[in-house]
Structures are given as structure tokens and as C-alpha cells.
1. Could you identify the single residue in Ala144, Ala123, Ala148 that is in contact (Cβ under 8 Å) with a residue 60 or more places away in the chain and in a helix (DSSP H, G or I)?
2. Within the bounds of region 315-333, is there any residue that is touching a residue at least 12 places away in the same chain (Cβ under 8 Å), in contact with a strand residue (DSSP E or B) (Cβ under 9 Å, 6 or more places away or on another chain) and over 26 Å from Gly104 (Cα atoms)?
3. When the residues of region 389-400 are filtered to those that are under 23 Å from the mean Cα position of the chain (by Cα) and assigned to a helix (DSSP H, G or I), which remaining residue is surrounded by the fewest Cβ atoms within 10 Å (Cβ to Cβ)?
4. Go over the candidates Leu224, Leu197 one by one and state the one that is buried (at least 20 other Cβ atoms within 10 Å of the Cβ), out of contact with any Asp or Glu (no Cβ under 7 Å at 6 or more places or on another chain), over 25 Å from Glu336 (Cα atoms) and in contact (Cβ under 8 Å) with a residue 12 or more places away in the chain.
5. Considering (1) more than 11 Å from the ligand (Cβ to nearest atom); (2) at pLDDT below 95, say which one Gly127 fails and leave the rest.
6. Out of all the residues in region 402-413, is one or more part of a loop (DSSP other than H, G, I, E, B), small (Gly, Ala, Ser) and touching a strand residue (DSSP E or B) at 6+ places or on another chain (Cβ under 9 Å)?
7. Restricting the search to region 95-109, which residues are touching a strand residue (DSSP E or B) at 6+ places or on another chain (Cβ under 9 Å) and in contact (Cβ under 8 Å) with a residue 24 or more places away in the chain?
Amino acid sequence: MFKKVLIANRGEIALRVIRACRELGIATVAVHSTADANALHVRFADESVCIGPPPSKESYLNIPQLLSAAEITRADAIHPGYGFLSENSEFAKVCRDCKIHFIGPRPEMISLMGNKVRARNAAREAGLPLLPGSIGTVKDPKEAEAFAREIGFPVILKAAAGGGGKGMKIVREPNALAQAFSTAAAEAVASFGNGDLYIERYVEKPRHIEIQIVADEHGHIIHLGERECSVQRRHQKLIEESPSAALTPELRQQMGEVSIRAMEKLGYNNVGTIEYLLDENGRFYFMEMNTRIQVEHPVTELVTGVDLVREQIKLSSGEPLKRKQEDIQMRGHAIECRVNAEDPVTFAPWPGKITAYSAPGGYGVRVDSSAYENYTVLPYYDSLLAKLIVYAEDRPTAIRRMQRALGEYVVQGIRTNIPFHRAALAEESFVEGNYDTRFVERLLASETGTHRLRKAIEETP
Ligand code: MV4
């Protein structure tokens, strides 16, 4: 096992990793920007190193600084968390060259999944179901049109280097293809420095369902069921839950089994998530794969009883996976609300000083956060303030528990999206478990949704 782990991240995920390390008897090194000198992850870690000024590019994304920090503290492994360098294959490679364990899959796997066209082809060869579309990139509007005629409209153009919705264009008729192609390509160049596009049939009201994979270094792979992540706005997830109300036990088993088989064929190692689109007919299609620990991992932890970060660290050190698939049972229901420092109506970031803070607690409530009273939410980094996660024996009880916990949450001095969560959880389609990726859009366009949101804002202390 590792003796000392450097956490190349900040905020709640840095705390999450430090906690797992402490329980494993591993020493920890926090890194921080000058702006984060008072952050909890710095106080919780055994040692800390300042790696640069506030902008991420000069600190949390600064590879030479991170490796120097690892070297001077004699850390034998680096945990990247999520975001920042977590899916940067060059960083994973440099770690390997410096003989420091990167806690995550092999660099080749990160690089494969980072290119959506290569990932799509690898997924197809490994037996995952795909939407009809191009095998590789589409060169020009003419080629796109040929594919579109074959697939049928609507289609979607996506950036090969993309993910997160940038460089994506829905096309509903042949006349609109040429314009959409140049816009998508230009957006892809601007965002990723790579204008390559591919084309797929467009699914109108999909649900976003992802399967959690856990793989050791010896070819043993299991899945931990699904997370439903359809409550999103502009590709930012807001609420996640497990299990999904849309899956039958048969579909869950099928999605789990094909995912495992594909990961075996690819030789995947460490934790990972396969994202699928689920259409209205209950058919699922590979979308992308994430090679990191995800923000929403706690919902899976609560329903399976598996400490994912602990497992991730153990797997990276070469320990074999002890659990077999038969040992995994999903029990009860978990929901996560991402509490962001943002305006609950416009979703604009709202950094500033928290003048009063009291987190909810009690039976079945977990709060993963690095916030505290008098903490200042900084403008340089993402606005995630806390992950509020509840667990209960069934979905209706979990929803009630989440409403109760949201009602207890006191955050003053800044704005948060707590009122949005209160309104979302009260929405009929959410309560019925009958929602898709357009849920937030519909809520904000509806009379009852906006009324509930206004009321929730008024009632928030
Ligand atoms: C799609 C799709 C419909 N059909 N692909 C959005 C982000 C990127 N990872 C892929 N995305 C989508 N791809 C086809 N063929 C709809 C989306 C999509 C979406 C997917 C998951 C969760 C939220 C979403 C919001 C808008 C669009």
C-alpha cells in the first residue's frame, strides 16, 4: 500500500480523498493556491505545499509544480480527484515517468476515452450498443449529409474532442446541415483546438444513465449499478440518484453485464463510469466513458455499501478486488443535490463570504463539503459548495428526507441553489420518477415550477 498520497485537487473531493487515506493509514499531502491557504483540505492534510497563484492554470493545473511538490514531500502516489488533471493522459504519463503512482486508469485508457470518436469505435468493438452514426469523423457537410440520409433525421453533430455538450449541434432537416456543420466545427476548434466532428441519430427525450465500474489490475471487473443523472442544466448535473426509476432489474443486469464484458475486452483498470442514453423505449446506447472518480459517486456508495475512493486507492496499489459481482446488492435509495454558490433563478455564480453556516444532519443524511462559517467562496473555481446526499429505504422516503435536510441547511451571506432543489423535488414528474434530460428546462418554463421556486426563495432564511 502507498505510504503517502498527494491530492492534486481542492474542495470537498480533496477532503473526501484525505478521509479515505486517513482510514487506510496513508499520510496525505495537500496542495493549494495562495487563495486556498485557509481551505479545509489544507488543514486536514498531514502536510501542505503552496503551488502557485489563484488561477487554476498556474496552480491546480500546473504539472511541474505538482510533481515538484510530490517529489519534495516524497509522496508515492497522486490522487487527481475530479476535474482539473483527472482526465489528462499527459499528466498520468508524466507521473508514470517520474515513478509516482497516478490513482486512476492507465494513461492509454484515459487518452482513448478522451477522444469521443476513438472511444465510440472502441466501445463498438467491445460490444456496447451505439446509436446509428458515422464510424469515424465526418470530413465535410457533404459526407454528413450522406450519413444523415442513411440514419434519418434528426441527427446530432458532436465534437470528437468534446464532451460536456460543447460543439454539439442538432440538425432536423437536410437544409440546415451545412450551417450546423460549420458552426459545430468552429465551436470545436475554439473549445478544444480540434474541429473533428462525428454524427449520430438524435434521441429526443433521453435519460442520462451511467454505470459505475470497478476494475482491479488483474482483470477482475464488477459493476455497482447505475446512477440517474438526467436533472441537468447546460450539462451541469444538479441532482443524481440511484437506483433509477427507469430501470427494471432485468435492464439493470443487462446494462451491467454488457458494460463489464466491454471493460474486460478493453482491459480497463481502476474505477470508471460508462454513460448511456436511455430512450423512451427502454433502449440504451453508449455515449461516453469517464475515467475518473465522479462528483456523484456517493449515491452509489450509499446503495451498495462500497467505499469507492477507498477501493480506488487500494486498486491502484495493486490490491486485488475482493468483492465478486454476487456480493454486490443494491439496497434502498440515495439522492444527491449539488448545492452551488449561485443565484437560484439565473444560475449565475455567487462567490462571497459565508456569514452564517449550519449543515443538515440526522438519520440518513451525508454532507460532503469544504464550506464553513466565515469561509469565502472564491471566484476562481467551480461553484460547488456542498453535496447533500440522503439515503432511505425507498424513493419516496428519500425525497422527503432530502426536503427535510434542505430545509435545515443554513447558508447566509451568499446565494445558493437550495431553493431550486426544493422546487425540483416538489415537481410531479420528479416525484413520479418520470423525467428526462429536459426536466430543468420544463421546470423553468412552467407556471407551477417558477411559482414553487419563488416561494422557496422567500422561505429560505
Ligand atoms: C446526445 C443526445 C441525444 N442524442 N446524443 C450531451 C452531452 C454529451 N455528453 C452528449 N449529450 C447528448 N448527446 C444523441 N445521439 C442528447 C444529449 C444531451 C444530454 C445528454 C445527457 C444529459 C443531458 C443532456 C442534455 C442535452 C443533450
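1. Details: Ala144 fails: in contact (Cβ under 8 Å) with a residue 60 or more places away in the chain; Ala148 fails: in contact (Cβ under 8 Å) with a residue 60 or more places away in the chain.
The match here is Ala123.
2. yes
3. Across region 389-400, the extreme among qualifying residues is Arg395.
4. Sole residue among the options that is buried (at least 20 other Cβ atoms within 10 Å of the Cβ), out of contact with any Asp or Glu (no Cβ under 7 Å at 6 or more places or on another chain), over 25 Å from Glu336 (Cα atoms) and in contact (Cβ under 8 Å) with a residue 12 or more places away in the chain: Leu197.
5. Unmet condition: (2).
6. Checked region 402-413: at least one residue is part of a loop (DSSP other than H, G, I, E, B), small (Gly, Ala, Ser) and touching a strand residue (DSSP E or B) at 6+ places or on another chain (Cβ under 9 Å).
7. Cys95, Ile100, His101, Phe102, Ile103, Gly104, Pro105, Arg106, Met109
One line per residue, one yes/no per condition, for (1) within 30 Å of Phe102 (Cα to Cα); (2) aliphatic (A, V, I, L, M); (3) within 13 Å of the ligand (Cβ to nearest atom):
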site: Val214; (1), (2), (3): yes, yes, no
site: Glu228; (1), (2), (3): yes, no, yes
site: Arg233; (1), (2), (3): no, no, yes
site: Pro243; (1), (2), (3): no, no, no
site: Thr248; (1), (2), (3): no, no, no
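The values are calculated or read from the model by the stated rules, or taken from the named source; none is laboratory data. Not measured: the values here are computed from a predicted model. Here the Cβ is made from the backbone with ideal geometry for all residues, glycine too, and neighbour counts use every protein chain on show.
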